[in-house]
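Trainee: Before I ask anything, let me first share the structure, which is written out below as structure tokens.
The values are calculated or read from the model by the stated rules, or taken from the named source; none is laboratory data. Note that the coordinates shown come from a computational prediction; the quantities given were computed from them, not determined experimentally. Every residue, glycine among them, receives a Cβ derived from its backbone with ideal geometry; neighbour counts consider all protein chains shown.
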Amino acid sequence: MTHIKKYIDILPDTVDMHDVNVRPLLLEKVWEEYNAVQDQLEYNDDDETQRHELDREAFTETYCELRARIDRIISEDRRERDVSSAELQNPRATHENGTCLTPKIKLPTIEISKLGGQITEFKHFYDTFNSLIINNQALDDVKKFHYLLSSVTNEAHQLIQNLPVTQQNFHVAWNLLCDR
């Protein structure tokens, strides 16, 4: 246990998490071995009961402290990896200079206005749909096509309603609306 404690005490800023993840297993093995030996000592040596209890208490305290520290290190690493993973899935969340573009407050949901086919509606629809759906890297083209179908009515819907919902047909449908 002393080796594990020294290892945890001198952990560098950059740590090999595979190495850290092995420590709970080693610590658990030491804990089990200690308990087996300590139980045997206590069974065979009734005269030293108080000393054995103090030893067990000190060992238990050290074990619990080390286990908590290791669990915290592992938990913090998981949290950092989860944040990194989320940033990879949403690369637009940070600007080139590192400033966060994700709002800190809950903003109201932006509704995409319906496009019925009137030319006067198109510019607003185009800009909103382009910003929220087309530029959204988390959406594949099939999902974008579904959003497009649910956002058009009347003449605009009639123009694209018979196209099968596929990756390729999203671009066909979008171009049909834009060219009109």
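Trainee: Give the residue that is nearest to Leu177 (Cα to Cα), with candidates limited to residues of segment 115-144 that are in a loop (DSSP other than H, G, I, E, B) and touching a His at 6+ places or on another chain (Cβ under 9 Å).
Mentor: Gly117
Trainee: In addition: Quick one: is Arg69 among the charged types (D, E, K, R) and either in contact with a His (Cβ under 7 Å, 6 or more places away or on another chain) or modelled with pLDDT of 80 or more (or both)? Explain how you work it out, then say what you get.
Mentor: Values: among the charged types (D, E, K, R): yes; either in contact with a His (Cβ under 7 Å, 6 or more places away or on another chain) or modelled with pLDDT of 80 or more (or both): yes.
It is true that Arg69 is among the charged types (D, E, K, R) and either in contact with a His (Cβ under 7 Å, 6 or more places away or on another chain) or modelled with pLDDT of 80 or more (or both).
Trainee: Something else about it: For segment 135-180, how many residues meet the condition of being within 22 Å of His124 (Cβ to Cβ) and of a type in the set (Asp, Glu)?
Mentor: 2
Trainee: Return the only residue of Asp39, Asp55, Asp46, Asp82 being at pLDDT below 75 and more than 30 Å from Asn135 (Cβ to Cβ).
Mentor: Asp46
Trainee: Looking at segment 145-168, which of its residues are within 15 Å of Ile112 (Cα to Cα), out of contact with any helix residue (DSSP H, G or I) (no Cβ under 8 Å at 6 or more places or on another chain) and part of a helix (DSSP H, G or I)?
Mentor: His146, Ser150
Trainee: Ok, one more. Name the one entry in Ser113, Ser131 that is outside the structural domain of Asn175 (by TED's automatic domain parsing), at pLDDT 80 or above, of a type outside the set (Val, Ile, Thr) and out of contact with any Ser or Thr (no Cβ under 6 Å at 6 or more places or on another chain).
Mentor: Ser113
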